[in-house]
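Mind looking over this structure? Questions follow.
The values are calculated or read from the model by the stated rules, or taken from the named source; none is laboratory data. The model shown is predicted, which means the values in this text are computed figures rather than measured ones. Heads up, the Cβs are rebuilt from the backbone with ideal geometry, glycines too, and the neighbour counts pull from every protein chain shown.
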Amino acid sequence: MNGSLLGGLRITAIVLLATFGLTTLGGGTALAQTATSRLDEIVKRDKLIVATFSTAPPFCYTDETGKLVGFDIDIAHLIAKSLLGDENKVEFVTVTSEGRWPAVNSGRADIGLATTTVYPDRALRVAFTRPYIDSGISILVRQDTKVNSLAELNDAKFTLANLSNPQMADRAKRFLPKVKVLTFDTPSAEFAAVKSGQAQAMQMDTPVLNWYAANNKELKVLPENLGVIQGNAIFMKPGDFTLWLWADTMVQEMTAGSRYAEYSDIYRKWFGHNPPPERFYGQPGK
Amino acid sequence: MDPLVVSLPLLARGAATTAYLSAAAIVVSTALGVFFALIQLYGGLLFRTLIEAYLYVVRGVPLLVLLFAMYYALPYAGVQIDSVTGGILVISAYFGAFMTEVFRGAVLSVSTGQWDAGRAIGLTTPRILADVVLKQALRVAGPPFINTCIMVVKGTSLVSIIGLADLTYVGKAIVERTLAPFEIFGAVAFLYLVLCFLLSQLGKRLETRLSYVN
Amino acid sequence: MPIDLGFVARIAPTLAQGLATTLALAIPAIVLAALWGVPVVIGLMARARPVSVLTATYVEVVRNTPVLVQMFFIFFGSGVVGYPLSGFTAALLALVLQNGAYIAEIYRGGIRSVTHRQAEAGLALGLTPRRAFRIIVLPQAFRKVIPSLSNQGVLMIKDTSLAATISVAELTFQARLLADRTAAVFEIFFTLALFYLALTAVFAGAMRLLELRARIA
């Protein structure tokens, strides 16, 4: 009896010491982690790692030589130049539509620049900066369908190409309940389906569809938007305030501050017209 | 033919990625197969049961689901792994089960007479295995091993679904851009055929070399 | 990480829808592939060289290219020539063409494994070659190939997961969509794996029953 009592005390003592030790250690490392931000890592590494797509023109896609180009790509270069002094200090990690969240949350990439629209339910899992470009959701149709509005398209004889994310599925059900739906992983697959005639319409971000329509005369964008005002933003792992503040400040400077000139150049290059106007206190020097 | 000619460099790069992934996965899955087969033949009950469970799961779950689990679910557990390494590991773990069956079946197929003869001249089990049984087992294992290697090559095509730029991914991207599925996928199929043909030729070469031993 | 069973119960209906599509794809695919294997094996064993060479080429091409590429080929190809097939049809076609070739090889192995003596015995008893084949060789061959057919069937069930890439709303497709909606990726993929394990176990079990009954007969 006495022996087991002593043994019990000994075990309790060991457990208490162990728990105390582990919590101090664990607490110590937790403190250490919140002190360093991903931003410090980026600066130390001297390279920015960006998660992006390779199939969403004109934001992020590969040209015939396999090189990654697009509006988002150029914005990433601009950010690298502003942070690290050299626009080439970027490494791109191409991901799939659902793969963009794990890419930043797992630490594989620092930030994500992937024609990503801000939605509240997405904000539960990643942190968004303010939008760096306005967007909307539209429908692209083939001219030979002779369809001019959403109402006309809402017919069981048409097939709509969708992207494989829940927001697209919900919108298709809400605005075009009668059409058949084909779901693909990438905007380029949607486009291929429409171009070959397997689908007669596709749902995608308005700037993307405008680009497709501008480059393919047999396609046109319907006038109604499915999502009227939306924004594409940079996203990153939540909880890192330092990283987020820097990224958000960067977006602010690009769209409404010191980097507006470079931003406008990139905007005009890909969209052919000026971005939303900013206050000018003087003429930009040539 | 035009889109094909222009796309050849891209397709070549995709083929190189596929070849690299296949080679790595073949090496790792073979190693796993040998290791697990030995455990299944000579290991203790605990390890044998664990391997049985692993074989059961891998046989019943699609490779694609395992790849998705690695790609989407693992990051939430805090595991940071790049797609290429993760892809190779998952594919190797998957085909490691097939390899285990190949090697175990091969060793078991060697008649017990060989074991008895070895013991009769006084050899211990590991020595019998190494000197007598192994070469005969390897000869039996040859064709199914090559078959499994070909399955590995075909299995690497699934990494295209998690965004890795292998031959299938590159082919699909080019087809989406050019809408020339017959030429491009024809070329893709041809390149896979070449890879698998090279593998089976290698296998035949190995088989003849192994039969020289006797 | 604790598994939230309530969550699993809530996502089960969506996954069940995907399961229904998986079954709707897998069962016809298995049956059709088993049927398609018959003309293919006849072609392989044909005495006319052009026929056997052509069939052998088809078998080699299909066995050395990934089924994913075959699915894409049929799906995009059909759209480009103007007769677009649905993702479901394209996936079904690809599965039947690919596995029919493997099954033909299985049939061939089964037929070969029934020794000549059996067929000769039949001839000695006065049966015509064709009847000898049908009454003596075929039933034994059939019994021998059931395990291999069962294996192939399991592989086909697993390959249906690839159909998601050509827009077939089967089990894996639904799971991916769910994983994008919620953050509970562990629960979802765990449940997904369980579904497939159950499916393949049921199928393998059924084939085992078939094998036992065939043996008794």
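Check segment B:68-86 and report whether any residue there is more than 23 Å from C:Tyr196 (Cβ to Cβ), part of a helix (DSSP H, G or I) and either at pLDDT 75 or above or more than 17 Å from the chain's Cα centre (by Cα) (or both).
Yes: one or more hits.
Does B:Ala25 qualify as being touching a Lys or Arg at 6+ places or on another chain (Cβ under 8 Å) and among the aliphatic types (A, V, I, L, M)?
No; evaluated as a whole, the condition is false for this residue.
May I pose another question? If you check A:Ala199 against the conditions, is it over 21 Å from the mean Cα position of the chain (by Cα), part of a helix (DSSP H, G or I) and touching a residue at least 12 places away in the same chain (Cβ under 8 Å)?
Taking the combined requirement at face value, the residue does not satisfy it.
In segment A:155-195, what residues are more than 16 Å from A:Leu209 (Cβ to Cβ) and either touching a His at 6+ places or on another chain (Cβ under 6 Å) or of a type in the set (Ser, Thr, Tyr) (or both)?
Correct list: A:Thr159, A:Ser164, A:Thr183.
What pairs come out if I take residues in segment A:105-122 that are within 13 Å of chain B (Cβ to nearest Cβ) and pair them with residues that are assigned to a loop (DSSP other than H, G, I, E, B) and charged (D, E, K, R) whose C-beta lies under 7 Å away, six or more apart or interchain?
A:Asn105/A:Lys237; A:Arg108/B:Asp82
Would you check if there is a residue in segment A:74-84 being in a loop (DSSP other than H, G, I, E, B), assigned by TED's automatic domain parsing to the domain that holds A:Met236 and surrounded by 21 or more Cβ atoms within 10 Å (Cβ to Cβ)?
Checking segment A:74-84: not a single residue is in a loop (DSSP other than H, G, I, E, B), assigned by TED's automatic domain parsing to the domain that holds A:Met236 and surrounded by 21 or more Cβ atoms within 10 Å (Cβ to Cβ).
Output the residue which, of all residues in segment C:181-200 that are crowded, with 20+ Cβ neighbours inside 10 Å and without any contact (Cβ under 8 Å) to a residue 24 or more places away in the chain, is nearest to the chain's Cα centre (by Cα).
By that ranking, first place goes to C:Phe189.
For segment A:170-211, how many residues are within 9 Å of another protein chain (Cβ to nearest Cβ) and polar (S, T, N, Q)?
Qualifying residue count for the region: 5.
With the condition being in contact with a helix residue (DSSP H, G or I) (Cβ under 8 Å, 6 or more places away or on another chain) and surrounded by 19 or more Cβ atoms within 10 Å (Cβ to Cβ), I'd like the helices (runs of 4 or more DSSP H) fully within segment B:104-214 carrying at least 1 qualifying residues.
B:134-155, B:167-178, B:181-212
Do we find that B:Lys172 is basic (Lys, Arg) and closer than 24 Å to A:Pro102 by Cβ in this structure?
yes
Another one. Going by the structure shown, is A:Val104 more than 28 Å from A:Glu224 (Cβ to Cβ), outside any strand (DSSP E or B) and β-branched (Val, Ile, Thr)?
Yes, satisfied.
Next question, about the same structure. Consider only pairs whose beta carbons are under 6 Å apart and that are at least six residues apart or on different chains; among these, list those whose first residue lies in segment C:159-176 and is under 12 Å from B:Ile161 (Cα atoms) and within 11 Å of chain B (Cβ to nearest Cβ) and whose second residue is outside any helix (DSSP H, G or I) and at pLDDT 90 or above.
Filtered contacts from segment C:159-176: C:Ser161/B:Pro62; C:Ala163/C:Glu170.
Here's another thing I want to ask about it. Can you spot a residue in segment C:87-100 that is crowded, with 17+ Cβ neighbours inside 10 Å, modelled with pLDDT under 90 and under 23 Å from B:Leu167 (Cα atoms)?
Within segment C:87-100, one or more residues are crowded, with 17+ Cβ neighbours inside 10 Å, modelled with pLDDT under 90 and under 23 Å from B:Leu167 (Cα atoms).
Next question. Let me spell it out: the conditions are (1) in a helix (DSSP H, G or I); (2) more than 13 Å from chain C (Cβ to nearest Cβ); (3) farther than 30 Å from A:Arg125 by Cβ, and A:Lys220 meets all of them except one. Which number is the exception?
Going through (1) in a helix (DSSP H, G or I); (2) more than 13 Å from chain C (Cβ to nearest Cβ); (3) farther than 30 Å from A:Arg125 by Cβ one by one, A:Lys220 breaks only (1).
Looking for whichever is farther than 20 Å from C:Val69 by Cα and within 12 Å of chain C (Cβ to nearest Cβ) here; the options are B:Ile161, B:Ile150, B:Ile146, B:Ile174. Which one fits?
Just a single option satisfies the conditions, and that option is B:Ile146.
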